[in-house]
Structure formats: C-alpha cells, structure tokens
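See structure below.
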Amino acid sequence: MNAIDWRRAIRIGLVLGVAVLIASVIGMVQTFDERDMIEDILTLGQLLLFAPAVYAGYSAAGKSEERRVAAPPLLAGLLAGLLTGVPAVLLVGLAGWWTTIRDYFVNVSPQLIDILTFGRGALQGSLMLLAVMAVLGLIGAAIHLIPARVRRPLVNATLITLIFSLFSDVPLNIANQFLPRDIVRRFFPTKGVTQLAAVIVFALSLAIALWWEFSGRTRRQQRMATITAEQRRRNSLIVLAVSAVLLLVLPSILGTFLTNVMTQVGTFILMALGLNIVVGFAGLLDLGYVAFFAVGAYVTALLTSTGDLGLGINFWIAMPIGVLAAVFFGIFLGIPVLRLRGDYLAIVTLGFGEIIRVLVRSDLLKPIIGGAQGILDVGRPSIGPLTLVTPQHYYYLLLAACLLALFVSWRLRDGRAGRQWMAVREDEDVAEAVGINLVGTKLLAFAIGAGFAGLSGAIFGSRVGSVFPNSFELLISINVLAIIIVGGVGSLPGVILGAFVLVGLPELLREFVEFRLLIYGILLIVMMLVRPEGLWPSAVRRREMHADEESPPSVAELEAPRHEATQPMV
Amino acid sequence: MTAMLEINDVHAYYGKIHALKGISLNVEQGEIVTLIGGNGAGKTTTLRTICALMRPTSGFVKLNGEDLNKYKPSQLAAKGVAMVPEGRGVFSRMTVLENLEMGAFHRKDKAGIAEDIERVYALFPRLKERHGQVSGTLSGGEQQMLAMGRAMMSRPSLLLLDEPSMGLAPVLVEAIFSTVEEINRQGTTILLVEQNALMALQIAGRGYVLQTGEIVLSDNAKSLQRNAMVQKVYLGVE
Ligand SMILES: Nc1ncnc2c1ncn2[C@@H]1O[C@H](COP(=O)(O)OP(=O)(O)OP(=O)(O)O)[C@@H](O)[C@H]1O
Ligand SMILES: [Mg+2]
C-alpha cells in the first residue's frame, strides 16, 4: 500500500534544487527579480525560485497509484520541496562564510542573498526559505488530491494568470489604445499587473475553464457530431472572414510598439517559410540560410539607397531584383553543393553563410557595399502618394508577403513538387528509379527557399532604413532553424507559431536578452524530450513520430484519394 | 535478333576496388534470367550499372540496342526499366497507395494509372487491404511486395529485382517467386538477382553465376541446377 518512491522524491528535489542554484549563481534570479509580475506579490525571479518547488512536490507525489491514504504522497511532496531549497540555502551559507566569493561568482551579490532570504538575514532567512519551499512542495503534492474536474480548470487558470502577468505588455498596449490613462493604470503598473487585474483574470479564466469542463466540452462534441458538411464549410468560411478582418485591423488594436514586434515576427515568418521548404519539405539541412537574406537586403538597399553608394531606384523595381538575386545565389550555391548529402551539405552551407558575412564586412568590397559602415538611407516603397514609413505600413507589406509565401508553400506542398521533395528526402535512389531528377528537385527547393529569404531581406532593409553586416550573423540562420524545429518541421501553421514563440515572445522580454540563448537551448532540449514533432506538427510528421502507437488510419482519410484512383475503372 | 538487355565486358570500380571485372550477359525479351552469387560478388553493382546509378569505366550496357549510359538514372523509368533495390526500397513515410502512385511518377495517363493500381492489387491482395497504411509500418514481406508493386506501376518492359527473398520466411519467398512468374507471364522481362539459388533456378529459364566480379558460369537453369560446382557452393548439396 505504500507505493511512494522515496528515492525518486529525493532525486527530483535535488535535481530541481541544483537547477535553482545554477539559476541563482548565473544571475538569472536577480535579473528576473526586477520584473514584477503581480504588483507587491510576485516577481519573475520569485517564480523562478518557487515554481520548481511546486513542480517537485507535484511530480514526487504523482507516481504513486495508491491515493486512498493521502499522507505518504503529501510527505513525499514536502520532502521534495524542502530539498529543492537546500542547495540555495547552502549557497547563502557559503556566501556568508566565504566573503570573497564574488571574485569568482560575480553574480552572488548581496541583492541575490537578500532575495533568497527574504531580506531577513542569513539564519532566519534560510529557515524561512526552507519552510516556504517545503510548503510549496506540499501544495504541489496536494494538487493530486483535488478531483480532476476541478484540478484541470484550477491549474489552467493559474497558468493563464501567470502568462498574462508575464506578458502584460500585450494587454497593456491594447488597453492604451482604447481606455483612458488613469483606468489603465489601475490594472497595469509600470511592469506586470496589479493585484486587482490578477484577481480578475484568474476569476474569469477559472469561470470559463470550469464552464468548459462541466458543460462546454460535451456540448461542443454534440454539436460536432451532428454538424453537416454544409455547416462545416460555412463555419470555416466565417472563421476565415473573421481572421481576415482581424489581420487587417490588427495594427490599430495593437498600437505602435506591438505592431513593431509584429513586423519583426513577420520578417522571420517569411524566412522560416522559405527554410521550411528547404529543410522541412526537401530535407536538405542548410545552415547558411542567412546568406540569402543578406543578398536580398543588400541588393535592394544598394539599388534604392539615396546615399553615396546607392542608385536611388524605385523600391518596387529593386525588390524583385533583390529577390531574383537571392534566387540566383541559391542556384549558384546549389549546383556544386547539392551533390553532397546530409552532414556535408550542412557544413558547406554553414561555410557559405560565413563567407558572405565576411565579404560584406571586408575592406575589399567597402567602396561598393560600405563595409562595416553598411548602407544608409535605404529607399522606402510608396503606394500612390503614400510612402511607407511607420511600423503599421510595413505590417501590411509584410502581411501581404507572408500570405503570398504561405500560399506558394501550400500549393507546392500539395502538388507534384511536394511529392518529389518527399520522395527525395526518403530515398534518393528509389526516387531516381521512379523518374525523379534529383538535382532539379533539390535546386527547386533551394531556389524558392532563397527567394523567400531574399524577399524578407529586401523588406527588412527598407523597414530598418539601413543595412549593416551585423544584421546577418550565423545566429539568424540558427534562429530560423530553431523556429522550424520548435514549430514543427514541414508544418506551415507550425512555422508561424514557432516564429511567434521564438521571435515575438523574446521581444516582449527584452530586458533578459543576455539569457536569451540559454533559454533557447533549454527550450530546444525540453522540446526534443517532450514533443520532438514540434508544437504544431504536420500530419506526415505526426504519423511518423507516433507510428508505433498508430491505429489504422480513419476511413475518411483513406477514401478520398482511393476513390479518385478507382473511378476510371467503373 | 538483338537481346533486350545486353551487357558487354563491363568494368566498374568503387574507388580502387575493382567490383566488376568484365561482365557480359544478355537477357532476351520475355525471359526470366537469374544472376546468382555469394556476398560481395558484385550482383548489386551490376544492377546499379544497368540503372546508370554507376558508370562503367569500360564496356557498355544496351537496352534494345540503345546505350543506356548516356541517360540519367531518372530517365530510365521512361525507357521501361524498373528496379526494386536490395532491402526494399519503399518511401516509408508515405502510405501504400501513395507509394504506388509515386511508381507512376513519370506517367500522365490518369486512367491507365488507376488501372495499373488495380492490377497491382490483384497481384498482391495484401496491399489492397493495407492501402492506407504508412508503409514504414508494413512487415518485411509486405514491404517487398510494395516495392515490387511500385516498380510495376511504371509499366516496365524490364524489371530488375535485387534479392527479393532476403530475410523472408520460406512460405513468403515461395509466394513472392510465384508472383514474379505471374508478372513474367503478363509480359515483363525479368532479371532476378539472388543468393537463394535453389528458388531462383526453379523459376528462371537461364542463369549466370557471379564470383568476385566475374561471370564464372552461364547456362540454362536446368543444367545449372545439376552443375556440381553450383550444387556444392549455392545449393548446399554435398
Ligand atoms: N559503396 C561502396 N563503396 C565501396 N565498395 C563497395 C561499395 N558497394 C559495394 N562495394 C564492394 O563492391 C563489391 C561488390 O558489392 P555488391 O554490393 O555488388 O555485392 P553483392 O553481390 O550485391 O552482395 P550481397 O549479396 O551481399 O548484396 C564488394 O566487395 C563490396 O564490398
Ligand atoms: Mg547486393
């Protein structure tokens, strides 16, 4: 009857404790502490400190099947929570005893110790920290005791409230568009949200989640069961129309700051859609993708700039030339490189990306493309009398470009080219045996991918108004690749979602930019462990990753193509 | 009359490894010809040379009198040559039906393709049952059937099979081989590469024995079955 795995509880507690310790020592806790989430109650730093204890308690108690007796799981949670605090307390002790510790660990500052000990001094504070962590572990374990139908809404509402207060910039900026200042202030202090706002959000989301749990879900299922094809088509039309209107009015809802973030996201969506064709559809690992972005940006900038280096040509003429230049570079690089397979291709493209960056920065080409000083006064597009200047204007330009890229990707994927890419990705010899030209197929992917990146670069240069070598680092290539992986390789909605998560969210957390890569790395590792197929995987990818747990595919899925194939027989 | 497939004094190398040391063989229209030999004899290499996946350093490969060397591998399907590679070449992420459709990639006649899908299903009823299954999850035998069905979808006049019996249970091997005979009866010429000489010589009309890159024997299947050397080395008869 005692199914508690104590060793597991201890292990979880200590592992998370060490994680907390590392987060403290590298300065994360202190930096995050400056970000308020809920005024006077919770900072992001405290969340970083406390959430592991709750999670430790939750998962230490979670394994036991025997729930009739509540005490052992609760105790395991308490223990795990307590242990989560131990390494941090040891750090406090060490800092008190070894006064020059800061010479070695610069981030172990008095402020950090203050945060860890609630400003109560080493001894009293340490005991308090342990007590708090233990109680949090206990709370985490107690979550299991709540009946499932209440637990789920409760957990969801808590998460929503935390996310809302962490990304409070979004509701704040929207509220600023519509509400007078003094009302907005009541909900949003300088950072985070007020207690009032937190309570409202929590109550609202809890109410909705409870409603969903107790009646909404079943009602929806009933509706879905009785729905006709006609109604379904109408529903999706309505959804489409609403999203179209929403996309069009979005800049006036979001305000300038958020619209600017959106243009940044759009730039990356465009690039990621292009790389998705190369990596996701054709399976060619390209690590120098930023080179095509650079070519598009530089060519367009040189042609349109009104500065010393530029020709001052109209943007609408220059942009297609920039895109074509990128496509040309894609083919030019592709011809020698596409005979290589897998890892070799990755290395060669990586090198190519670096060559472009070095060339652009070099003194040799400085008279032509400006070297490290870059190109200034890049031309802006105009439509009739209107010249595009503000983020709002560029939002619409990028929206159009993204929709175009999305449409092209979608048509290619479902067409003959998509089949060709898929076949080549799986078995090159067999693909050739059925009559697919390998080099042509790969070049097509490379060229289109490069074209999207070139388009993105062309708009980017014009939006920013200048082009510098620094904008085209290796990191951009990696960033775009990470977007695809996190979103779901080969999945169009996944790529868009990935761009919002990996480009949009960091823009909202600018003050933590020094930890960005660390968080990236952790996120990627967690993704690979928990959801290797990505946040929004493509159908093909999903069935591949879960082939072992697959039930025979649904009839509807199969009938469509079969039907078409057999028709001429009758 | 010229042979359908004519291979004449072909040499091929992998780097410094001299894998084919002057191979010559013929396949006439309508025949089943088998090429038998042990591991590393050069059987797969011979097929790769026919499919232009490898270029011979000297010698030629002709199909109906036309040199195949000037074509890209991807052009051979349209010439009527189909290959089922060693170890089941199927597109494992595609469904059975999608694999069959890929087999007809170079063809444009929709009605004919649909007809051929039914023909393949008639040859391999198992594939029909499993038409929606992702082919990576098929059993080894089913994958072999699918690879053969996929090859048939290009309406080949010459079908190249590389060790279709590899890793299959004896019952299944028998089933596969009788299907090969059936395919041949329906008018496709077959070059069958096998280590399983016993089975291969039962359905083939003629055979060649390949050893370390050289043809050491060639005769009709009946005589090869009785040949002392073949019996000893390939049929395990003492
Ligand atoms: N890619 C390669 N690189 C180098 N050597 C190779 C390569 N492929 C085959 N060889 C060598 O060429 C020779 C012939 O190989 P081949 O694959 O044609 O044999 P096989 O008759 O098909 O054998 P098996 O019955 O085992 O498939 C062998 O010695 C093999 O080691
Ligand atoms: Mg072989």
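The values are calculated or read from the model by the stated rules, or taken from the named source; none is laboratory data. On a predicted model such as this, the values are computed, not experimentally measured, just so you know. Note that we place each Cβ from the backbone using ideal geometry, even for glycine, and neighbour counts take in every protein chain shown.
Per-structure values
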quantity	calculated
Any hit, segment A:115-131, residues being under 32 Å from the mean Cα position of the chain (by Cα) and surrounded by fewer than 17 Cβ atoms within 10 Å (Cβ to Cβ)	no
Residue that is surrounded by the fewest Cβ atoms within 10 Å (Cβ to Cβ), among those in segment A:16-54 that are closer than 19 Å to A:V201 by Cα and more than 23 Å from the chain's Cα centre (by Cα)	A:D40
Meets criteria (surrounded by fewer than 23 Cβ atoms within 10 Å (Cβ to Cβ), farther than 26 Å from A:A431 by Cβ and more than 16 Å from ligand 1 (Cβ to nearest atom)) for B:G30	yes
Wholly within segment B:31-97, strands (runs of 3 or more DSSP E) carrying at least 3 residues that are within 25 Å of B:S218 (Cβ to Cβ) and at the interface with chain A (Cβ under 10 Å from one of its Cβ atoms)	B:81-84
Residue count, segment A:387-406 (criterion: over 15 Å from A:G255 (Cβ atoms), in contact (Cβ under 8 Å) with a residue 60 or more places away in the chain and surrounded by fewer than 21 Cβ atoms within 10 Å (Cβ to Cβ))	5
Hey, A:L438 over 30 Å from B:R93 (Cα atoms) and surrounded by 15 or more Cβ atoms within 10 Å (Cβ to Cβ) or not	no
Considering residues of segment B:160-184 that are in contact with a strand residue (DSSP E or B) (Cβ under 7 Å, 6 or more places away or on another chain) and within 14 Å of B:Q144 (Cα to Cα) only, the residue farthest from ligand 2 (Cβ to nearest atom)	B:V180
Within segment B:38-67, tally of residues that are of a type in the set (S, T, Y) and more than 8 Å from ligand 1 (Cβ to nearest atom)	3
Subset of segment B:185-214 [within 16 Å of ligand 2 (Cβ to nearest atom) and among the β-branched types (V, I, T)]	B:V193, B:V209, B:T212
Contacts under 7 angstrom Cβ, first residue in segment B:203-230 being more than 14 Å from chain A (Cβ to nearest Cβ), partner within 16 Å of ligand 1 (Cβ to nearest atom) and among the basic types (K, R), 6 or more apart	B:L210/B:K43; B:G213/B:K21; B:E214/B:K21
Qualifying residue in segment B:73-84 (condition: more than 17 Å from B:I215 (Cβ to Cβ), within 14 Å of the chain's Cα centre (by Cα), within 16 Å of ligand 2 (Cβ to nearest atom) and crowded, with 23+ Cβ neighbours inside 10 Å)	yes
Single match in B:N99, B:N69 (criterion: touching a Lys or Arg at 6+ places or on another chain (Cβ under 8 Å) and in the same structural domain as B:H18 (by TED's automatic domain parsing))	B:N69
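Conditions tested, residue by residue: (1) in contact (Cβ under 8 Å) with a residue 12 or more places away in the chain; (2) away from ligand 1 (no atom under 11 Å from the Cβ); (3) not assigned by TED's automatic domain parsing to the domain that holds B:V230.
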{"site": "B:T2", "(1), (2), (3)": "yes, yes, no"}
{"site": "B:I7", "(1), (2), (3)": "yes, yes, no"}
{"site": "B:A12", "(1), (2), (3)": "yes, no, no"}
{"site": "B:K16", "(1), (2), (3)": "no, no, no"}
{"site": "B:G22", "(1), (2), (3)": "yes, yes, no"}
{"site": "B:I36", "(1), (2), (3)": "yes, no, no"}
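Matching residues to (1) part of a loop (DSSP other than H, G, I, E, B); (2) surrounded by fewer than 24 Cβ atoms within 10 Å (Cβ to Cβ):
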residue: A:I277; (1), (2): no, no
residue: A:G280; (1), (2): no, no
residue: A:D286; (1), (2): yes, no
residue: A:A294; (1), (2): no, no
residue: A:A301; (1), (2): no, no
residue: A:I317; (1), (2): no, yes
